[in-house]
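The values are calculated or read from the model by the stated rules, or taken from the named source; none is laboratory data. Remember, it's a predicted structure, so these values are computed and weren't measured experimentally. Cβ placement follows ideal geometry from the backbone for every residue including glycine, while neighbour counts extend to all protein chains displayed. SASA here: full protein model, heavy atoms, side chains in, ligands and nucleic acids out. Shrake-Rupley method; radii C 1.70, N 1.55, O 1.52, S 1.80 Å.
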Amino acid sequence: MTVVVGLRFPLGRYHATPWGRAANEAAVEWPPSPWRVLRALYATWCWRAPELQADEVGRVLQGLAEAPELLLPRWAEGHTRHYMPDTSAGKDKAFDAFVTVDPDAELLMRWSADLDMGAFAALDRLCHLLPYLGRAESVCEARVIDPDRPEARSEEDGWVGPGSDGTLEDPGRRVLAPVLPLDVGALLARTTGVRKAGRVLPPGARWVAYPDVPGPVRPSFRSARRIVPIARPTAIRLAIGGPVRPALRDAVLYGQVLRKAAMSRRGDPSSTLSGHDAALAVPASDPGDSSTLQGEGPPRPPGGSVVRKDGHRHAHYLSLGPQQPPLGDGLIDTAIVWAPEGLDAACVEALSDIRRLTSDAPGFRSVRIGVEAVGTVEEVAPELCGGLSRSWRSITPFAPYRHRKRQSLEDFLLEEISRELVTRAIPSRPVAARVMRSDWLSFRRSRDAGRPGVPAVGLELELSEPLVGPLVLGDLSHFGLGVFAPVRS
């Protein structure tokens, strides 16, 4: 009969040190060795199912002693590093190596075993009680799968069987398996006892290779380009990290540097990334001169000077934190590049190629950057969209395009926001604009550090009609100012 066991790792990680390797070598055993699986079943019987009869468990172990066929999920290797205190030498570096898998994916093991009903029931009980496989943090859920289920009797490519005896020269992945017939007592051998006896392998164990095991998935930010949908995405989400996270008050500075990096990698002029008319752009005479970067043609009319029904369709470079002021820590960990007109494949490729942001601008801290998501802005930046909302609150301060004249501050703000909503073709009008008390003037409010910042203020807006965001308004809104978040009731 065919016996199929499925293993799932709900934490997404499998931790196990291969036989003969030191724990601090950052090596991980993959696939799980038949020897380890049998020892785990035996230990589960001893500690969690002592009511099972010894002869039933013995028949289970004998039936599964042959190295099984495997159907493996996609996997990748990873590790973390830790510095452990050492009273004699300060600190020791320790590696925790693991294999990462989809928490919902199953690793299938298939045997041709002759198990009677009692042994089959015992195996089902042991699998149900199996707490982990490998190290204790390698939480595992196991189940016996009906051989008639499609995944158990699939004849598609993907199942791999044991190959040679797993010599050192064998290119396949070597794991430990029992010598046939199985000596159940050999499963109890401890590593220290094997070493003291001068043995390389435990008694009753042998090497088996699985030469056809697929290699690990090697993640790359470039892979994001291959999953971009056919329709033009409108946003891309980028994770920002580094020794010190930048402050949200420097959002304009990081938006400016991200824009320059994207335009540099795009190569040919792009009005979407630059916000300038690419047809009138001139080639850069000096790559280090930001004023002559490719794509820097005449700017599109700003919302405050010319009313355009289709204005502000090019890219916005927005900065976000895990929680926004006044409740958040005021630090940046995410950048959203949002272009209502859509990002073509070359734009997504350019943004995906950015690995690090660097600049010699005063106050700029270099950061690592990588793609998290590509798609519609509703999917990529839900914190800026939400559902329909009339109430909106500043994440970064709103900077009017025009100067205030002889009118009250509230009337001036309502007038400026009304103009902005028109230029963005948003069918709503502001009903109230309440000033939020905070240190909004500490935000950078100029693209050039040598110029004074524009006036800006944080607002709580009430609109006449509910809308779905993003809501980004005002001067420097394409660089991170004037970002609003919906107030959820």
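General remarks:
- Rounded if a/c under 1.5, otherwise prolate or oblate - segment 367-489, Cα gyration tensor axes: oblate
- In this simple spin-label approximation, E460 and R355 carry label points 7 Å from Cα along the Cα→Cβ vector, and these lie 4.7 nm apart.
- Annotation: the antiparallel percentage among DSSP beta bridges lying fully within segment 322-466 is about 100.
- Amide H contacts under 5 Å for V367: L357, restricted to partners 5 or more places along the chain or on a different chain, H placed in the peptide plane at 1.01 Å from N.
- Stretch gain in nm, segment D268-D92, where the contour uses 0.36 nm per residue and the Cα spacing is subtracted: 58.4 nm
- Computed lengthening from D212 to D124, 0.36 nm per intervening residue step minus Cα-Cα distance: 28.8 nm
- Using a probe of 1.4 Å, the accessible surface attributed to Y42 totals some 50 Å² when neighbouring protein chains are kept in position.
- Remark on T334: its backbone amide H falls under 5 Å from those of I240, L320, a criterion applied only to residues 5 or more positions apart or on other chains, H modelled at 1.01 Å from N.
- Heavy-atom accessible area ranking, 1.4 Å probe, most first, across R355, R74, R390: R74, R390, R355
- Across segment 355-371, computed HN-Hα scalar couplings (Karplus, 6.51 cos²θ - 1.76 cosθ + 1.60, θ = phi - 60°) run 10, 8, 9, 9, 6, 9, 5, x, x, 7, 10, 5, 9, 7, 8, x, 6 Hz from first to last residue, x flagging Gly and Pro.
- Rounded to the nearest 10 Å², the accessible area of W30 at probe 1.4 Å: 10
- Highest mean packing comes first when the peptides 314-322, 407-415, 54-62 are listed by Cβ atoms within 10 Å, giving 314-322, 54-62, 407-415.
- Take R174: with every protein chain present and a 1.4 Å probe, its accessible area is about 80 Å².
- The Rg/Rh ratio of segment 175-214, with both radii computed over alpha carbons and Rh defined as the Kirkwood radius, is 1.05.
- Inverse of mean 1/r across different Cα pairs in segment 334-408, Kirkwood, Å: 16.1
- Point-to-point label distance, R434-M117, nm (Cα→Cβ direction, 7 Å offset): 7.3
- Using only side-chain charges placed at the Cβ, +1 for Lys and Arg and -1 for Asp and Glu, the dipole size of segment 14-100 relative to its Cα centre rounds to 240 debye.
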